[in-house]
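Below is one structure, written out as structure tokens; comments come after it.
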Amino acid sequence: MSSKVLVTGAAGYLGSILCEHLLLAGYQVTAIDNLMYGQNSLFHLCANPAFDFVRGDARNKELMQSLIEKADAIIPLAAIVGAPACERDPWLAKSVNLEAIQLINNLRSPQQLVIYPTTNSGYGTKTGDTYCTEDTPLEPISLYGQTKVQAEIEVLDTANSITLRLATVFGMSPRMRLDLLVNHFVYAAVTDGYLVLFEKDFKRNYIHIRDVADCMIYCIENSEKMVGKAYNAGLDAANLSKEELALKVKEYVPNYYIHFAPIGSDPDKRNYIVSNQRLREAGFEAKRSLDDGIKELLKGYRMMGRSIFKNV
């Protein structure tokens, strides 16, 4: 079993949860992050002697070489995440999402395991009527999807690699993200009380952030039978349209007003349902439900208090 794990982008939304789970599972964790958002999401791990933190850039060849040579497994999370963020700075997106992965892949030895999280947004604008499997052709429609798909291809072309095509992640994290669909819908319910929804029938798959962390640990512990493949990672019970998701949130926030807009369009055109059968057959299944996540988010948002830009 790999005992030393290097995590890039470790102070991010997923990384701050993953590092916690890795430590609880008995791994030694080296975390690297440039803290571009000024986050302090790993403070609670500093007392653990099995945890180390390096402030730096995952594109720094000398730094990455010194860190990679000490690792048994590498989980590269550093990324410019989401279509809008990538469109805002395309050069940065390509540099972090693709070139940094190429760097890691070139520096690691064939004996070192890499678990690369990509996105099931690579499936693009499918009809939403048929299940996307790992053999479904990838048709990314955004720069974000394109950089992640290209990086995945390069990772899988080398030895000792596993890629996880993540569904849309939800749940609380010390480095919170409100732009993810479930997190956003619940936040809108408790702050604004209303939601304007375009293209309500577009379908997505979802997965809890802690199931993602547990899945990555499962991949480390079962790498011999899993390497060389991509796996869709999502919750089978959560292939929902945006309307179904909004109405699920409304069950917990009854005065939530949802307006289904007939005019206008969502800039994100993804529409697909996803099969997670390959991952289930490998022995892992997501278990935290959307209901669990919504209740968790409602608790978390009560702690956020007033916005500095609002008086309420």
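No lab work stands behind these numbers, since they all come straight from the coordinates. Quick caveat, the model's predicted, so the values are computed rather than measured. A quick note on method: Cβ atoms are made from the backbone with ideal geometry, for glycine too, and the neighbour counts reach across all protein chains shown.
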Fraction of the pair-distance distribution of the chain above 32 Å, Cα-Cα pairs, percent: 24 percent
Please state, rounded to one decimal and in Å, the Kirkwood hydrodynamic radius that segment 37-128 gives when every pair of distinct Cα atoms enters the mean of 1/r. 15.4 Å
Scan the chain and hand back the longest stretch that contains none of the chymotrypsin sites (Phe, Trp or Tyr not before Pro) lying in DSSP loops with at most 13 other Cβ atoms within 10 Å. 38-308
Using square roots of five times the C-alpha gyration tensor eigenvalues, list the equivalent-ellipsoid semi-axes of segment 87-156 in whole Å, biggest first. 24, 17, 7
For residue 133 and residue 109, extending 7 Å from Cα along the Cα-Cβ vector and measuring point to point gives, in nm, a value of 3.7 nm
FRET efficiency for residue 35 and residue 285, Cβ-Cβ distance as r, R0 = 41 Å, nearest 0.05? 0.75
Restricting to the chain, compute how many DSSP beta bridges are antiparallel as a %, nearest 5. 10 percent
Pulled fully out, how much extra length does the chain show between residue 243 and residue 192, if you take 0.36 nm times their separation in residues and subtract their Cα-Cα distance? 16.6 nm
Which number do you get for Rg(Cα) / (2.2 N^0.38 Å) in segment 132-214? 1.34
Cross-link list 4/61; 70/203; 94/248; 4/203; 61/287; 61/148: which exceed 31 angstrom alpha carbon to alpha carbon? 70/203; 94/248; 4/203; 61/287
Quick one: length gained pulling residue 303 to residue 95 fully straight, 0.36 nm per residue minus the C-alpha distance? 71.3 nm
Where N is the number of residues in segment 162-312, Cα Rg divided by 2.2 N^0.38 Å: 1.13
As a test of the definition: which semi-axes, in Å, follow for segment 166-217 when you take the square root of five times each eigenvalue of its alpha carbon gyration tensor? Largest first, please. 23, 15, 6
Across 10 Å bins beginning at 0, the whole-percent shares of Cα-Cα pair distances in segment 89-240 come to 10, 35, 38, 15, 3, 0
If you take the beta carbon distance between residue 88 and residue 222 as r and set R0 to 35 Å, what does 1/(1 + (r/R0)^6) give as a FRET efficiency, to the nearest 0.05? 0.40
How high is the FRET efficiency from residue 255 to residue 46, r the C-beta distance, R0 41 Å, rounded to 0.05? 0.50
